[in-house]
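Following: one structure in structure tokens, then a few remarks.
The values are calculated or read from the model by the stated rules, or taken from the named source; none is laboratory data. What you see is a predicted model, and the numbers here were worked out from it, not measured in a lab. Every residue, glycine among them, receives a Cβ derived from its backbone with ideal geometry; neighbour counts consider all protein chains shown. Accessible surface areas use protein heavy atoms only, side chains included; no ligands, DNA or RNA. Shrake-Rupley method; radii C 1.70, N 1.55, O 1.52, S 1.80 Å.
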Amino acid sequence: MKYINEEKINSLLLEAKNADSAKLNAILDKSRCLKRLTLAESASLLAVDDPRYLHKIFEAASFVKDTIYGRRVVLFAPLYISNLCVNNCLYCAFKSDNPLIRRKALTVTEISSQTEWLLKRGHKRILMVCGEAAPGGRSNIDYYLEAVKAIYAAQAGSNKIKRVNVNCAPLGVDEFKRLKASGIGTYQIFQETYHEGTYRRMHPNGPKSDPDNRIDSVDRAFSAGIDDIGIGALYGLYDYRFETLGLLSHVEHMEESFGVGPHTISVPRVEPAQGADLSFNLPHKISDEEFKKVVAVLRLSVPYTGIIMSTRESPAMRDSILSLGVSQISAESSTSPGGYTSPEKEKAGGQFSLGDHRSLDEIVCALIRHDYIPSFCAACYRMERTGESFMKLARPGTIKGKCSMNALITLKEYLDDFASGPVKTAGCAMISRYFKQLEPLEQDKLRSFFSHVADGVRDEYV
Ligand code: SAM
Ligand code: SF4
């Protein structure tokens, strides 16, 4: 596979087993200075199994997360617009040869009503997701553009979606240019597995069977001017240590070629998917402890990159893993096109089963209980703090101040417009706690934002 040197990864993983405590301590000290780790250093951390050292890794990851991102956690919802697909990925319910699911591609009207439903719950950020095929034989890109337009146009009272990120199949440079012009935030694409043999087995036919075309789509998106890119590996298909070094090799390639790494890294684990036998019988199932280690090592290896955790994970896992470096989570998701409003018996097929079924309000409540500030902010993207200009802010940790301020403003809006009584009380207490920690000048600024919110003004940010 292009950009991925399997031999090098394997030999780094072998050598990593010999790291002594002095070496591990030196790596963790380097991490605490917010320095990017080398592949060899990340490999050494991935080789750790001793609980005492794992604990040290977790502590360092929490430190780095808090230093760069503060206490805020950004919330979003996926919007599945279609489950039509020409590929046959062995782990996915949307695979073309699966007769067990009902197929559906949403119309523009249906996309609008799904978005309105999400807006009425309080969502402001959407990740648009779909299989690789457009309805009625149309070109994929035309369908995606129509969908993005419908999502941005939807309105519930004065609420509108602030940022649409997109997870879709690879496109050509000109198509990516059109996608960027439609106003998307991040373009997200997961390589699934960085191990070529496994990749070829998992993707037996369809356009996705070419691993180089998939990995190159990141480069094409960059060349088209999309500089917020999300990458990811689907854990469970191959050895988790190899996949993590594969992800980090991909990051190195992006940094070398485009001067900037990915905006986000996602760490999905394969979940049971109806009609996809492999998802029930994984070749490399990763345990909860190993999974936590992966998140912590990623946090330490690429401190300035956001880490996304979806509702694939259970509430307990999501709550416990937040401290290890996750900066964005999805909430109240459905993986079925039209699933937010359809009654259960009429639902089109979902992509996989979810681990977290809590409502947005319950998730906001849990975040507050664990002292994380729920954030609905999309300021960076709208202030054009994307790509390298975002990284310049994120690297020394200065994004933290802006993010915390924006998180508090958007939390106040959420509490006033959508929260249940107990969440409102807990949220207001959180706001006053954080308000007291601000410098007097920042307090004045925030006080004035809050008075605007009380007057009904929405969507202000710094
Ligand atoms: N169809 C496009 C593609 O494959 O790139 C984009 C959307 S696909 C629906 C989004 C992601 O879902 C895939 O990249 C894959 O990592 C993930 N996925 C597929 N099957 C899954 C499963 N059984 N459990 C968890 N995640 C899964
Ligand atoms: Fe289709 Fe994507 Fe599912 Fe593969 S992962 S079957 S490409 S929707």
Please report, as a whole percent, how much of the solvent-accessible surface of segment 1-64 comes from carbon and sulfur atoms (probe radius 1.4 Å). 54
With a cut-off of 8 Å between alpha carbons and a minimum separation of six or more residues, what is the relative contact order of the chain in percent? 21
Can you compute the charge dipole magnitude of the chain about its Cα centre, using +1 on each Lys and Arg Cβ and -1 on each Asp and Glu Cβ, nothing else charged? Give it in debye, rounded to the nearest 20. 840
Provide the per residue accessible area, probe 1.4 Å, for segment 66-393, rounded to a whole number of square angstrom. 32
With a ≥ b ≥ c the root eigenvalues of the C-alpha gyration tensor of segment 66-393, is it rounded (a/c under 1.5), prolate (a/b larger than b/c) or oblate? rounded
Once label points are set 7 Å from the Cα along Cα→Cβ at both Lys285 and Glu442, what is their separation, rounded to one decimal in nm? 4.5
Accessible surface of Val129 in the full protein assembly, 1.4 angstrom probe, to the nearest 10 Å²? 20
Between Ser342 and Lys160, what is 0.36 nm times their sequence separation minus the Cα-Cα distance? Round to one decimal in nm. 63.3 nm
For the pair Ser223 and Lys17, how long in nm is the line joining their label points, each one 7 Å along Cα→Cβ? 4.2
Yeah, segment 134-282 with a ≥ b ≥ c from its alpha-carbon gyration tensor (a/c under 1.5 is rounded, else prolate when a/b outruns b/c, oblate otherwise) is prolate
Please give the calculated 222 nm ellipticity per residue for the chain, where each DSSP H segment of at least 4 residues contributes -39500 (n - 2.57) and the sum is spread over every residue; nearest 500 deg cm²/dmol? -15000 deg cm²/dmol
Determine ³J(HN,Hα), in whole Hz, for all residues of segment 160-177 in sequence, where each value follows from phi through the Karplus function 6.51 cos²θ - 1.76 cosθ + 1.60 and θ = phi - 60°; x replaces Gly and Pro. 9, 6, 8, 8, 10, 9, 10, 10, 9, 4, x, 10, x, 4, 5, 5, 4, 4
Between Glu460 and Lys2, what is the spin-label point distance in nm, taking each point 7 Å from the Cα along the Cα→C-beta axis? 4.7
FRET efficiency estimate (nearest 0.05) - Cβ-Cβ, Arg358 to Glu196, R0 45 angstrom: 0.75
Once amide hydrogens are built 1.01 Å from N within the peptide plane, the residues lying 5 or more places from Ala233 or on another chain with amide H under 5 Å from its amide H are Ser266
Report, to the nearest whole %, how much of the accessible area of segment 66-393 belongs to carbon and sulfur atoms, 1.4 Å probe, protein only. 50
Residue separation between Ser209 and His452 times 0.36 nm, minus their alpha-carbon distance, gives in nm 82.2 nm
One finds, for Glu116 and Lys30 with R0 = 30 angstrom and r their Cβ-Cβ distance, a FRET efficiency to the nearest 0.05 of 0.05
Need one value: the accessible area of Ile184 in square angstrom, 1.4 angstrom probe, rounded to the nearest 10. 10
